[in-house]
Structure formats: C-alpha cells, structure tokens
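Undergrad: The structure is given below, and queries will be raised subsequently.
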Amino acid sequence: MISFNALKNSKLIVLKTNAKIHSFKNANFSTCLITLSPGSKNISSSNHSDTNIDDHLILLAKDKSLLKDNSVYQAQSVKPPKISNVSTNPLQKPKIPELSDTSKIEKFADELKVVNESATSRLTARRFAAAIEEEVEAPESMKKTASEYQSYMRTHLQKERIKELEKSIQTHKKLKESKDLYSQILRNFNAPIKYAYAYGSGVFKQANYSSSGSMVDMIFGVSHPEHWHSINIQQNPHHYSSLKLLGAGAVNFVQNKIGTGVYFNPYVEINGVKIKYGVASIDSLTNDLLTWKTLYLAGRMHKPTLVLQDDKFVRLCSQVNLASALRVALLMLPKNFTEHELFSKIVGISYIGDLRMQLGGENPKKIDNIVDAQIDMLRELYSSSIEGMSNMQYIGMNFLQQNMDTKVRATLFNKVPQRVYNQVKYQYNRSPKSLVNTANINSANLENMKLSEMIVSDQYLSEMTKSAIESIVKWPSFTQSVKGIVTAGFLNSYRYASEKRAKAKI
C-alpha cells in the first residue's frame, strides 16, 4: 500500500479512491481527480505493478501524467497523474513533483466539490438500501410474505428519508442566513482574510444547550500574520489586550511561538454580533490539517464548520483531515458499530487530552451533545470519506461494519497521520507484552508492514491510539490556555473561563 502525504510546500492532496494499479501509460496531462465506485477497479500503469490505493486520491502533478486503460470511471472523473519513483513500501513518503500552477488547485477543488455532493446522496441511498435488507431481523408476525414486508419497509423508510431531506433543507436554509450575516462581519476588517470559518455552539446547535446569546467562534486564515495584525491594530486597537502596545511583531511572536499558532481576540462586537476570532497563518492551518501537529485547528474542523471565505487549497487539505479522522476512529472501534459511535469517536479525537475537559472547563457530555444534534451534518461532512473507505460498509440504516482482517487494518494504520503512527508504535514498544516481539522485530529486521500487523493485532490498540492522541493534544492545549491570559487579558480570560465552567454544568 502506498501512503501519500502532502509535504509542507507541495500541492499533493490525498483523499480517497478504490483502485488497483497494474500498469501506467505515458500521457501529457496536468491535473487529476480519481474517483471510482466502491470496489477495486483497474487502472493501467507500466512502472508499478500490483500497487494498491484504497483511498480517494487527488494528485496535483506536473506535465507527465498517466492515461487510464480499461478503467471504469464515474462521470466526474478525469485522467490519473503519473506516479514516478514511488516505493511500494506503505510507510515511505513518495517523492512528489512540485506544483507551481495554482489554477490546477482550483480545478481539483471544483472537482472535489462535485464528488462530495454526489457522495452525500449516494451514501443516503446506501443507508436506506441496507435497512431494507434487514428483513431477516423482522418478527415472524410481520413476515406474512417477503413482498409484504419489503413493501412495508420501503414505505416506512421512504417516510424517514423524506423527514431527513426536509430537516436537511431547513438546516441549510438557516446556515445560509447565518453565513450571510457573518460574511458581513468579515467585510469590516481592512486586513485581508484569505480563509475564514465559523464554528462551535454559537453556529451549530448542540443538544441540551441553548445557543441564545452565545459568542460566535471564528478562525481567520491569513497569508502574513504580522502584516495582518499591523493593519488590524491600527483599525481595531480595542480588539487587543495591552500586548498591542508592543507592536504587531510582539503579537505575531506570541501567536506563532506559544501554543498552537492561533491568536484569539474574544468579546468583540461587530454588527450586533459578539464574536471571538482567532488569527492563524495559512501555513499553520494547512500544516495542522495534513500532519496533526497540534490537532487544535484540525480538531475543530473534524466537526461541521460554516465556511465564510473559501480557499480551494485549504478545502483540499480539509478533506485529507477528514479522511485521517475517519481512519483513526476506525482503529478505536470494533467490527460492528453504530453511526453514533463512529461520529462520537471522530468528534472526541480533539478532546482526548484537552486540559479543559480534565479540569471541568467543558461539559463532560459535550461530545454526545454535538453528535445528537448534528448527526445529519456529520453524515454529510464525512459522506465522501465513508464512501471511499473500502474496508467499511453499511449493514443497516444506522449500523456499519468494518473489515478486521489484519492486513487491511495494518494498511489503515499505515495511512494515519505520521505523528499518530509514531506515537502508537512508541506505545506498543513500551508495553511489557510486546518486549519479546519488539526484540524479534529488531533482530530480524522485519518490514514495517509486519510491525504494523502486529500492532493492529494487539488487544490494546484502541488504548494505544487514545494515548497517542493525548500526547499530541495535551501540551498545545495547556500552552494555548496560558497564552489566552496574555492575548485576551486577565479579566476577559477569567470571564471566558467562568462562562465555560457554567456551560459545563448544564
């Protein structure tokens, strides 16, 4: 299996597809989105035989590309790119050609949008089809004849499907109204904002919680943070704490050198809306999405967000982040699980090791509250990732099953973000039970794939994965909280912490 990772300055984005590559033929072509139906399809390629790629891949490449041969594509597919000098070792990063033409990014992002929209409707159809197939579980009293039961199920499920569609329409209508309102807020800033989104309970409903009067959380992605702060301090000095007296350079230093690379200004009122906005560089944002360096921004984007100012490269990186979250969640789940359990694992990733959860600064039921109220939006957000994950399938309307074969799980593990992979391997090597196995691995110099198979076969894989995530989240969470006292000021920090504790008791 080949694990494609986006290098810091490369324009490679890894999403999903189900393809088995046998041989490639040369062709001139600049961009590609591979999107295949679930199940293995053949793509021709002459240099790499029997190389499996089991996730959607969006590859941005320079001129030399690959031409499909005897492949089955959906309507939105385009030609695949050339993959050169790639080892079949799933843990080795391939040498990726650099992309200089930003128009290629835009083309891929547009293709991705079409794929995601189609995936949502296909996933809905698959869920209901799986539910109809559950007829063997019906009581005998309902099974007068197979056709009667099928008719009953279809009628019942059709009603449920209509309810979901009506709810989705209403939700998107409200979000459009919110987007129009919040987008007006962005226009009040003279400093240029390249990417922006709103998130949290002030935007998206949470169960057992009223969003009335809540502060709206926003993230601004900017190209040059120091320059941005310089302009914004001149225009909006009241947004900042006394740190502004030291100048934009000091603000930028605190933003990038302490915590998670985000500088927050809370309790800012614009157009009658109370907001807290965080400023992050585009580089920091995309790096966290691709590598999970701190999981601070990436974790927030595991949940539904309302994009106010779009950037196509960030959009692509976001899809990589969603695929990573799905893979990590699957490592912590058993063979059979519900949709609620899947999305709870995904939403909970960024809260593992979060200082606020440990100290009572967050509602202990926050994860359930998010999933209960937002499961339709989570399903829509992850539809493309779920559709492209060939190792899992719906076995009922809200029930799923994953392939627990050791080799399949090892491949899944090899594709998680590198920091998670390294930390899980570290946890495994530390466990007393693995000391003998580890010694054997070192002495025999076994391949990394074999090591991965041993790790995913360990009964404590879920606990090791949680521990790995905690090691990533814990320190950035602590330093970001401490930084908040400097950036927001003591009074605002105390006020914010008090409000968080109050909500935690709800």
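The values are calculated or read from the model by the stated rules, or taken from the named source; none is laboratory data. Computed from a predicted model, the values in this text were never measured in an experiment. In this analysis, Cβ positions are derived from the backbone assuming ideal geometry, glycine residues included, and neighbour counts consider all displayed protein chains.
Undergrad: In the stretch 243-291, which residues are surrounded by 20 or more Cβ atoms within 10 Å (Cβ to Cβ), small (Gly, Ala, Ser) and under 19 Å from SER201 (Cα atoms)?
TA: GLY278
Undergrad: Out of all the residues in the stretch 359-395, which are over 15 Å from ALA329 (Cβ atoms) and in contact with a strand residue (DSSP E or B) (Cβ under 7 Å, 6 or more places away or on another chain)?
TA: GLN393, TYR394, ILE395
Undergrad: For the stretch 224-237, does any single residue satisfy the condition of being part of a loop (DSSP other than H, G, I, E, B) and modelled with pLDDT under 95?
TA: Within the stretch 224-237, none of the residues are part of a loop (DSSP other than H, G, I, E, B) and modelled with pLDDT under 95.
Yes or no, residue by residue, for (1) surrounded by fewer than 19 Cβ atoms within 10 Å (Cβ to Cβ); (2) in contact with a Pro (Cβ under 7 Å, 6 or more places away or on another chain); (3) within 18 Å of SER467 (Cα to Cα):
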| position | (1), (2), (3) |
| --- | --- |
| GLN358 | yes, no, yes |
| LYS366 | no, no, no |
| GLU380 | no, no, no |
| GLN401 | yes, no, no |
| ASN414 | no, yes, yes |
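Undergrad: Let me ask something else about it. Residues of the stretch 382-399 being of a type in the set (Phe, Trp, Tyr) and either farther than 16 Å from LEU342 by Cα or crowded, with 23+ Cβ neighbours inside 10 Å (or both), which ones?
TA: Result: TYR382, single match.
Undergrad: Then there's this: How many residues does the stretch 327-346 contain that are under 16 Å from TYR394 (Cβ atoms) and either surrounded by 22 or more Cβ atoms within 10 Å (Cβ to Cβ) or in contact with a strand residue (DSSP E or B) (Cβ under 8 Å, 6 or more places away or on another chain) (or both)?
TA: Residues in the stretch 327-346 being under 16 Å from TYR394 (Cβ atoms) and either surrounded by 22 or more Cβ atoms within 10 Å (Cβ to Cβ) or in contact with a strand residue (DSSP E or B) (Cβ under 8 Å, 6 or more places away or on another chain) (or both): 10 in total.
Undergrad: Being more than 23 Å from ASN188 (Cα to Cα) and free of Cβ contacts under 8 Å to residues at least 60 places away in the same chain is the filter here; which residues of the stretch 257-282 pass it?
TA: LYS257, GLY261
Undergrad: Which one of these is among the polar types (S, T, N, Q), more than 15 Å from the chain's Cα centre (by Cα) and closer than 20 Å to LEU290 by Cβ: ASN391, ASN422?
TA: Only one candidate qualifies: ASN422.
Undergrad: Scan the stretch 129-139 and give yes if some residue there is surrounded by 13 or more Cβ atoms within 10 Å (Cβ to Cβ), modelled with pLDDT of 70 or more and either in a helix (DSSP H, G or I) or not hydroxyl-bearing (Ser, Thr, Tyr) (or both), otherwise no.
TA: yes
Undergrad: If you don't mind, another one. Just give me the residues in the stretch 407-424 being polar (S, T, N, Q) and in contact with a strand residue (DSSP E or B) (Cβ under 9 Å, 6 or more places away or on another chain), in sequence order.
TA: Within the stretch 407-424, THR411 is the sole residue that qualifies.
Undergrad: Restricting attention to the stretch 396-418, which residues are of a type in the set (Lys, Arg) and over 16 Å from LYS335 (Cα atoms)?
TA: Of everything in the stretch 396-418, just one residue is of a type in the set (Lys, Arg) and over 16 Å from LYS335 (Cα atoms), namely LYS415.
Undergrad: Something else now. Residues in the stretch 257-269: is at least one of a type in the set (D, E, K, R), in a strand (DSSP E or B) and out of contact with any Leu (no Cβ under 8 Å at 6 or more places or on another chain)?
TA: yes
Undergrad: Confirm whether ASN440 is crowded, with 16+ Cβ neighbours inside 10 Å and either touching a Leu at 6+ places or on another chain (Cβ under 9 Å) or at pLDDT below 75 (or both).
TA: In short, no.
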